[in-house]
Every structure is written in C-alpha cells, then in structure tokens.
1. Which of the aspartates and glutamates could a cross-linker bridge to Lys528, judged by Cα under 19 Å and excluding same-chain residues fewer than eight apart?
2. Between Arg878 and Val795, what is the label-to-label distance in nm when each label sits 7 Å out along the Cα-to-Cβ direction?
3. Which lysines have a Cα less than 29 Å from the Cα of Lys470, not counting those fewer than 8 places away in the same chain?
4. Please list, ordered by chain and number, the residues whose modelled amide H lies under 5 Å from the amide H of Ser564; skip anything fewer than 5 residues away on the same chain.
5. With the cut-off at 1.5 for a/c, could you classify region 806-945 from its C-alpha gyration tensor as rounded, prolate or oblate?
6. Let me test this: with uniform point scatterers at the alpha carbons of region 575-663, what is the Debye-based log₁₀ I(q)/I(0) at q = 0.15, 0.17, 0.25 1/Å?
7. Quick one: which residues, 5 or more positions from Thr781 or on another chain, have an amide H under 5 Å from its amide H? H modelled 1.01 Å from N in the peptide plane, none for Pro or chain starts.
8. Using the alpha carbons of the chain, what is the convex hull volume per residue in cubic angstrom, as a whole number?
Amino acid sequence: MINSHAYVSSPAPGNGRRQPRAWFRSDAPTVDLDGEWRFRLAARLADATDGFEAPDFDDAGWDLLDVPSCWQMHGYGAPAYTNVVYPFPIDPPRVPDANPTGEYRREFTLPDGWPAGRRVLRFEGVDSCFAVWLNGELLGDGKGSRLPTEFDVTGVLRPGRNVLALRVHQWSAASYLEDQDMWWLSGIFRTVRVLCRPDGALDDFFVHADYDHITGQGTLRVETDAPARLSVPALGLHDADPAGPHVIERVTPWTAEAPHLYDGELVAGGERVPVRIGFRRVVVEDGLLKVNGQRLLLRGVNRHEWDPDHGRTLSRETMLRDILLMKRHNINAVRTSHYPPSAEFLDLCDEYGLWVVDECDLETHGFHMVGWRDNPVDDPQWLDACLDRMARMVERDKNHASVIMWSLGNECGTGANLAAMSEWARTRDPDRPIHYEGDWNSTYVDVYSRMYASHAEVELIGQGTEEPTKDPEADAHRRGLPFILCEYAHAMGNGPGGLSEYQRLFEEYPRCQGGFVWEWIDHGVRTKTADGREFYGYGGDFGEVLHDGNFVADGLVFPDRTPSPGLIEFKKVIEPVRIEVDPDGRTVRVRNGYDFVDTGHLSFSWRALDGAEGELDVPILAPGESVTVDLPYTGTDWVTVSATLAKDEPWAPAGHEIAWGQAGTPVAVTPPAPAASATVDGDHIVVGPAVFERVTGTLSRIGDLDVEGPRLDLWRAPTDNDLRGWGEGSVMATAWREIGLHRLEHAVLAVEPGAEGLTVRTRVAPAGTDLGILATYTWWTAGGQLWLRLDTEPVGPWQVPLPRLGLRMSLPTTLEPDTVDTVTWFGLGPGEAYGDTTAAVRVGTYTHTVDELQTPYVYPQENGNRREVRWAEVAGLRITGAPHFDLTVRPWTSEDLAAATHPTDLVRRDRLYVNLDVAQNGIGTASCGPGVLPQHQLTAAPASLTLAFEPQ
Ligand code: GAL
C-alpha cells in the first residue's frame, strides 16, 4: 500500500501529465465537474481505502463534499497556520505517516455528440498532491497546488457513465516547496473539467502584442501549435495568419490606467477561441521599469486568495470584489503572493486594469530554521520540480496583458534552481522582466526588490548610494536596476504607519518605483464561540501545536473584505492626482500623477463646511502636468476640493472620489479668565458646575453628571506594531510593560483651592522606578463652563516614547433600552487616525455611535482614535479643546481591550471610557518592518492640554 504512494514523497512534480499550456476558453464542449463529490478523509496514508478507485466501489456511505473546496473549511481536520516553520519534521522529501488523505469520487456522464478529438481532464488546483483514476485506470499523479494539471483521457473516457476517483494528500514532497505564510489547507480547491480538444484544434498559443510608444504602432504575432486563423475586427484582421507579424499603424495601447483590449478570435479545427489582446511593451531600460516608454509607479498590494468561509476557494464574485475594491482605492498593481491566482483573476486584471507581478508557487522559508541546509532550491534533485512550476505558471498566464513581470517565488533563500528558473523564463518569454526578492545579489533578476526596507534605506537606494552587495560584479548589475519594495508597510492590526513617507520617496526618486503593501486581506477564518457569537479565528484557534497566532491577520481589508482604516489611508496616500488648496482657500494646485492618462475623466468640485459649493474649472492635465486655478469661494471656512469620476467607469460610478485636498484656518479658542473662586464645602470643593473631593482633588461631578477622572494616563492597549519588533529593544509594548506604564500610581502632592479655581498637583509613576510625570491640574470656571489645564513634566531619564499622553475619564452611559450612545465631534474624521496615519482624515463635523467608533481588528488593540478634535459631545458632556485634543470613546477600558484576544472577549460595561489626549505615539509597522519614525514618536517632554467641560 505505502509503496504505491511513493509519488507522495518524491520530489518529482508528477507522472502522466500533459505539457503545460495557455489557459483559454473556447466553444468546444466541456463537462464541468464542480459540485458535490463523494468524500472520505483518512487520517493517515495507511488508512486509505483499498480499491476505492474501482468504478463499482460502493461509496454510498461516504460524505458529500463540494468541489472546489478546502476540506478543512468543511469540518474535515482543521485549518492550521504557520508563517515560516514547517508543521512537520524537516526531512526532505519525506513527510509524516500522519498524512491526512482525502478520497474523492465522482460519477459523471459524457454527453453524446462530442466532435472527434482528444479528451483532457484538467484540474486548476489541488493541494498538495494527488493521484487520479478514471474508470478504474490510473492516469497519473501531480503536485504544485496552485497550478493546473492536465491528463489526456482519450480512450479512457467512455460514452455515458464515467467514474473519477482522486486521492489527495495534505502533505507531500511538494509541501517543502509550498511553505507560504498562510493557512495549510487541502483538497481540490479549484475547478475541475473535462475538455474536448477537437481534431486540428489548438492546444497552445502565445500572443505577442508589442507597442511602440514613439510611433504608436502595434505589432501582433500569435504563435500557435497548430494551423489556425486569426480575426481581430477592430484591427482589420479577418481570417489572417496568426503568425503575422501584423503591423498596425496606430493602436490603442493597454495600460492598467486605460486597459484597452482588442477582442479577437482564433479558429482551428472548427474550434473558436476568443482572445483579448492588449498591446504594451515592458522593458527595463535606463535603470527604470517602463511600460510603453513610461516609468511606472506601482501603487500595489500583495494579494493572497482568501475567503473567511471558503479558504482559498474563491468565487468569481469574490475575485471581482477584490478588483473593484482595489480600483476604487487607487491601487494599480497586484503581486500574486505567493502563487499564481485562479486564472480568472488575471482575466479580470486584464479587463479592469491592474499591473500584475505573477508569482510562482514556491517558498521554502522553513529551511531558514535549519540554516538553509538542504534547501530544495539549491539541490539538483529538486531542479525538475522548480522548473516545472515556473513553466506551468508562465505557460498558463503568458497571454495576459496585465502580467508585466514573472516572479520566481518568495523567500526561498538562494540557489541554482532559482537561476535556472529565471533562465528558462527569460528564454521562453523574453518580453517580461524577472522578479525575485530573496537573493539580494540580484544577479538573475531585472529589478532590485526588497521587503520592509526602512525609509532611510529606500532613500539611499533612491540616491544610488546604498551599501554595496558582496560581489562587485553583482553590485554593478544591481546598481543599474530599478528598485521596488515587493512588500512594505505591514498592514497588521492598527496601521500601517509611515505610508506617506514611503510615498514621498517613490515620488521623489525615479529609481524607487513603488511597491506592494503587505497585504491585501486578513486571513481570518469565520468561527463561532460556544454560545454562537461570530469571530475570525487565527493561528492557535484550531488546536495547532505549532502556530504563528494572529500574524495571519495583516491585511488592508478585514476577512469579510470591509476596508480597514489602513486601506482608506493607503487610498489617500497613493491618490493619482494631488490637490493642494492654499491655506487661505483662494487657489488650488492640481497635479496629474497618473503615468498614462490625462485628467479628462475627472470632474473637480469644491465644498466648504459652511455649505457653499460649486464646480471647479480645471484644464485637462497631461500626466505629470500641474496647474494652479482660482477657487471661487469667498467665505472663511474649511474648504475641500475633490476630483471625482466624471462618468461611470467599469469599476466605479460617476461621482466616485479619486483625490481631494482640504485647507482652512483653525478658529482659535481663547480660554476665558477665571470668573469665580473655588469654594470648600465640607469634604468637597466646588468650582462652578463641578464638585471635587477635598482630599484627593479628584473631580466627581459636573452638573448632574457623575464623572470618574479625568486623570493622567499613558497606557494604550498595545497594537500589533507595539507588540512586535525587529532587534533588541524594539518591542514597544515590552518596554512599556517593563517600566510599568500599565500600572501607574497617582500621588497627590497638593490640593489648592483659591480665588482663581483649584490647582491639584500630582506625581504619576509606576512602582519600582524613579521615572515619573508631574501632572498639575488647574481647574477654573467661566460662563457656566468648567475649564482644565493639564501641565505635565517628565521626571527622570525616559528612554522610550510614551504610548499616549493625556487624560482618562469615564462617564455614565446614557444607554436606555433601544437607544445607542452617539458621539458628535468637530475635528479630523470620519475615521481613526494616529500621528503617522493621518493622511485620509479631514476636518468636519461627524456623528458616530460608540460602536461605530470602534475598529474591530481581528486581534483587539488600541483603535478608534480621532485626532485634532476641536469639540465633542459625549454622553451629555460637551468637551472643547483649546485648540484641540485626541479622543477615544469606548464601552470598555484600555485594560479590557489589552486583555482581549478576540473581539468577542470584549464585554460592554455600564460606563463610557473617554480618553482625551495631547497625543498618541505613532503606529509604525514594527510588526514586520520599521517602527515609528522619529517625527511621529511621542517623546516624554513637557506638554499641556486645555479643555472646557460643559454638561448638556
Ligand atoms: C514576508 C513574507 C510574507 C509574510 C510577511 C509577514 O517576509 O514574504 O509572506 O510572511 O513577511 O506578514
């Protein structure tokens, strides 16, 4: 039994398979085998069912499972998440005996009347290794989970009833090549079909559609593996020889910004194959990555295929949703991290317009744990497997205009097999540059690619003054290459911070051609608590022994594809049109930052907070052009200028906002002079509407409101970026906890009622250290308002930035049955913002429920901060800043938030917890990458905050 499974532990990529070829649809008949299959899961290979492949095997007692699907998402076994580490012993190419093995059976009927020709059984993706039988006959086996595998079934396929049987193994030799940072999931997770290949039909073709940006000429050449005719009516080609070359005097080129496709048709052997042709030329020239002669600026994301209910099985609707969301958020590029996506996704990229870096299904990162010993990419016994993967990707995807680079894989270290893959791809497809990040020598790639390089390093690279790489020859080659960040700005939890600073570098240095944020989506698995409340599971939630926790939840969209604040920020930072309103609101400067299109598809309008609004006449700008125009606003309020789509685009309706700029002059609030003295009344001190404790000087009431605090507070529930870091001393949350910022003690030094109000002097510090903060509260009243000035002064050698600096207080919730607490504020909004994530918020008056103010990060952490709040109304209290403050309002405390591991752990209390802050520390991206930039760090330094409180 075990011997017949020798293929499982063999590095060989497969047996009995057909040659890889282009993916296409045609009018030839097919049988779609998606739907319910009979299924049984054996916990070990040794428990596989003898004779299950026999056509008459009785599978009536087996379960039914949908194909395509990942079996762990349907209650068979469980999802398991590791980032780098292999969840099995590293003993290549062998895998453990406990190798969950899914047995699949499916009957189907071959319709009558198929034209003469070959029959092909095609799997778009089976994870991780399988053997397949048709009508009891072994067809072969295959590996390469996210790549297609075909078998010729001519002669095995029968008229009428057929029985297909597959044995799919969770682990195989190929698992060593598929150590991507994601859930380990198994099964037939993409479509299965039987295809008719009529006699004389094409099996494969390669469209070469070159564009000369100087002459506007297009040259079309289609290689076919059988005689065929080509028609592309819009190019005047009718029944032409595909080989051409057909030189067309003027064509409309394809770009991600204007994805023009010419629809055509190849005809051979009576079969019609629709083709969609995009003319473009991708080159690396003068040290730049250019398309159609133009340097690209990649505003990209890394996209894994993910669905919280279906794992890596995505419907077309879900793929389209990703594309629409990306286009609507100004994203122009996708790296298909770290495997070729479903082929349909690339069709959508061609159609809607995205630059694609298509990445091979290859990662051996876990070998890093053993010093890269026996790394398959540097071992000749794996050469075939590596080349096979590259060929299957390139052959499948070569006809997509959107694919502008081939990527060899991710995090495999270095090795000769990578060089061989590059060489093979270059020969097969000389028209696309090669990408790989893992070899910093960059000898066999066409772009210098890195992940998570700091801003400072990117700047050096931009200037061409980066550290040399080891080998002088390699160094000379690398210095001539364009630079991209294939991963940057780790979008885990709250953040990423520092996007604007990266964008500035991409816009300043031609060599720095942008990059791909890590990553598009949180891979949370929709799960329920014992009492039925939904949450998104992450590593460790499914009983895994080895796991990497919530590191799998690091996307710009939540698992259900709701945009996170990080995506809103990214959209603003990368907007392709820059709009700068001058501070007086009299003129506007507009710059076209698109690479290819003019601004003719945009309308410009302005709107002031006082309600005045109008259209703005902005001349059509060519790429790179700017103009300054007068703004016809005569008032003095904040004014926003927006660029919106002038008409419906396939990806967004007319009116969709692309870019905006805002300016205004803050109205200065001058705190009034004290109008009454503090009076002592027994155990209390009264200042205007407020009552304080005589001994402690703490506020207990404002009017009828029972108030706790406000008092100095420094702690925040650590963010993912606070909780992780590279290098010693870089983990902020550890440093904060070591000092004890989560357990501050407050000592009252003096309570001083007087003619001008009340002064309370305190020293706030954690136990066990002489570090502290002197906090002086000065209270006074005027005009029915209660005023407070908080002055803080650090004591001792503070070495780390503070998490927050401000006040914490609580108020009774106004919640009555069937009502919700709302907060109205005037300040930056509507979303959350921190010092280094502030690009996307604008001044306005906003009302949110308290629930809406919380950002439901998959792992609970500090969230929901509103910046530069001039005034806010919270639970019957109006709070005014002079000039402004940072605000969070929550139905739980920071401690509750820090203790929770899933949002369902957070239990609403009967008070609202309000933080009124001078500032918070920035966010950074230390969860994988650089921390908070110095200019966004909240260094301990004297600070003050002035606020007025007024019961409503
Ligand atoms: C990179 C890797 C990604 C992901 C990321 C962290 O090193 O290429 O797959 O693990 O780090 O989330």
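Bear in mind that the values in this text are calculations on the coordinates, not laboratory data. These numbers were taken from a predicted model, which means no experiment stands behind them. Every residue, glycine as well, gets a Cβ built from its backbone with ideal geometry; the counts of neighbours run over all protein chains shown.
1. Asp307, Asp309, Asp541, Glu544, Asp560, Asp905
2. If labels sit at Arg878 and Val795, their model points lie 3.8 nm apart.
3. Lys290
4. Long-range HN contacts for Ser564: Val557, Phe558.
5. oblate
6. Per q value, in the given order, log10 I(q)/I(0) is -0.51, -0.65, -1.26.
7. Hits under the 5 Å cutoff: Ala675, Ala676, Trp787.
8. Normalising the Cα hull of the chain by residue number yields 182 Å³.
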